[in-house]
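Data block below; observations after.
A short reminder: the numbers here are calculations on the coordinates, not readings from a lab. A quick note: this is a predicted structure, and the numbers were derived from the prediction, not measured. Cβ: placed from backbone, ideal geometry, glycine included. Neighbour counts: every protein chain shown.
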């Protein structure tokens, strides 16, 4: 069983992440971080960038600690 988390760099935002990658909705090929995946989903239902950032912040607060 693999115990180390593999570090990846998200091609959309450039951030390093270790969680399971998501498949981009844009091309259905590119692996991206969870935050960018969430943003793509929110963009698809026309949520503003400001609201997207609020939602991402809430997700981080509820999943960390």
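Which one of 55, 45, 32 has the biggest mean-square fluctuation once the chain is modelled by GNM with Cα springs under 10 Å? Among 55, 45, 32, the largest GNM mean-square fluctuation belongs to 45. Both radii come from the Cα set of the chain: Rg as radius of gyration, Rh as Kirkwood radius; their ratio Rg/Rh reads 1.00.
Compared with the direct C-alpha span, the chain from residue 18 to residue 61 gains 13.7 nm at full extension, assuming 0.36 nm per residue.
Sorted ascending by nearby beta carbons within 10 Å, beginning with the fewest, 33, 10, 15 become 15, 10, 33. A helix-only calculation puts the chain at -12500 deg cm²/dmol for mean residue ellipticity at 222 nm, using -39500 (n - 2.57) for each DSSP H run of at least four residues, averaged over all residues.
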